[in-house]
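Colleague: If you scroll down you'll find the structure; I have some questions about it.
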Amino acid sequence: MNLIVAADENWAIGNRGDLLVRIPADHKFFRQETTGKVVVLGRKTLSTFPQGLPLRGRKNIILSKDPGFQVKGAVMAYSLEGLLAELEKYPPGDIYVAGGESVYRQLLPYCRVAHVTKIGRAYAADAFFPDLDKEPGWKVTAASEEQTYFDITYHFLKYERI
């Protein structure tokens with residue numbers, strides 16, 4: 001299973017229910033990696049998508065504790081156990097965990113690869129991703145050249161569980 005995230009230099013991923021910054025190349029990378037695949041996300045992350053709708057061209061699986069929460073065009077999972085049972089239907093390499101903080105933390109132990117857009121700046125934030133540089137068993141196996149979007153620098157990093 002994969003995960004895909006954009007994080008600042010403090011591993012922050014969001015503030016007040018939104019992304020820290022929108023970098024077009026990061027969104028393009030996300031689309032290229034996940035189109036035709038399975039994306040797993042929480043209810044709050046879904047609400048940040050255009051019109052709060054599931055992503056087109058992907059199988060969307062939404063994890064929510066609220067059994068009354070339904071999303072047209074998505075598969076619902078109301079527990080971690082239910083989600084893991086649903087995910088058994090798909091090849092692990094085709095599954096991408098896409099946030100938010102709670103979903104990342106619950107599924108990190110099941111992931112083998114992490115695609116991280118590492119932003120070279122610190123933002124005000126209230127949602128964080130685990131620091132993979134300090135997590136035992138993870139290492140960077142690929143890194144892009146430094147990228148720039150206006151005055152923001154970032155790298156595309158691939159972490160793998162060793």
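Colleague: Calculate, in nm to one decimal, what PHE128 and LEU84 gain on full extension: separation in residues at 0.36 nm each, minus their alpha carbon distance.
Modeller: Between PHE128 and LEU84, full extension yields 13.6 nm more.
Colleague: In nm, to one decimal, how far is the modelled label at GLU145 from the one at GLN106, with both set 7 Å along Cα→Cβ?
Modeller: Each label point is offset 7 Å from its Cα along the Cβ direction, giving 4.1 nm.
Colleague: Also, quick follow-up: As I understand it, the dipole of the chain uses +1 on the Cβ of Lys and Arg and -1 on the Cβ of Asp and Glu, about the Cα centre. Which of GLY17, HIS115, ASN60 lies farthest toward its positive end?
Modeller: The one lying farthest along the dipole's positive direction is ASN60.
Colleague: Could you please state, rounded to a whole Å, how far the C-alpha centre of region 1-32 is from the C-alpha centre of region 114-160?
Modeller: Taking the Cα centre of each part, region 1-32 and region 114-160 sit 9 Å apart.
Colleague: By accessible area of protein heavy atoms, probe 1.4 Å, what ranking do TYR149, TYR90, TYR159 get, highest first?
Modeller: On the way: TYR149 70, TYR90 50, TYR159 5 Å².
My answer, sorted largest first, is TYR149, TYR90, TYR159.
Colleague: Taking the Cα centre of region 65-122 as origin, sum charge times position over the Cβ atoms of Lys and Arg (+1) and Asp and Glu (-1), and report the length of that vector in debye to the nearest 20.
Modeller: The calculation lands at about 300 debye.
Colleague: Based on Cβ point charges of +1 for Lys and Arg and -1 for Asp and Glu, what charge dipole magnitude is obtained for region 1-55 about its Cα centre, in debye rounded to the nearest 20?
Modeller: 260
Colleague: In nm, give the distance between the simple-model label positions of LYS72 and ARG161, each being 7 Å from the Cα along the Cα-to-Cβ direction.
Modeller: It is 3.7 nm.
Colleague: Treating the beta-carbon of each Lys and Arg as +1 and of each Asp and Glu as -1, no other charges, what is the dipole magnitude of the chain about its Cα centre, to the nearest 20 debye?
Modeller: Around 540 debye, computed over the chain.
Colleague: With springs only between Cα atoms under 10 Å, which of ILE61, ILE13, ILE152 fluctuates most in a Gaussian network model of the chain?
Modeller: Answer for the Gaussian network model of the chain: ILE152.
Colleague: Same structure again: Compute the Rg/Rh shape ratio of region 99-162: radius of gyration over Kirkwood radius, all on alpha-carbon atoms.
Modeller: Using only Cα positions, Rg/Rh for region 99-162 is 0.98.
Colleague: A further question on this structure: Count the DSSP beta bridges whose two residues both fall in the chain, then state the antiparallel fraction as a percent rounded to the nearest 5.
Modeller: Close to 50 percent.
Colleague: With the crude spin-label approximation of a point 7 Å out along Cα→Cβ, what separation in nm comes out for GLU33 versus LYS65?
Modeller: 2.7
Colleague: For region 1-86, what is the accessible area per residue in Å² when the probe is 1.4 Å?
Modeller: Roughly 53 Å² per residue, with all protein chains present.
Colleague: Still on this structure, please answer the following. Given that compact globular proteins tend to follow 2.2 N^0.38 Å, what is the ratio of the alpha-carbon Rg of the chain to that value?
Modeller: Working it through for the chain, the quotient is 0.99.
Colleague: Rounded to a whole number, what % of the accessible area of region 26-162 do carbon and sulfur atoms account for, probe 1.4 Å?
Modeller: Numbers: 4010 of 7660 Å².
For region 26-162, the apolar C and S fraction of the accessible surface comes to 52 percent.
Colleague: By the scheme Lys and Arg +1, Asp and Glu -1, what is the net charge of all other residues having a beta-carbon under 10 Å from that of THR35?
Modeller: Surrounding charge for THR35 is +3.
The values are calculated or read from the model by the stated rules, or taken from the named source; none is laboratory data. These figures come from a predicted structure and were not determined experimentally. Cβ atoms come from the backbone with ideal geometry, glycine included; neighbour counts cover every protein chain shown. For accessibility, only protein heavy atoms count, side chains too; no ligands or nucleic acids. Shrake-Rupley method; radii C 1.70, N 1.55, O 1.52, S 1.80 Å.
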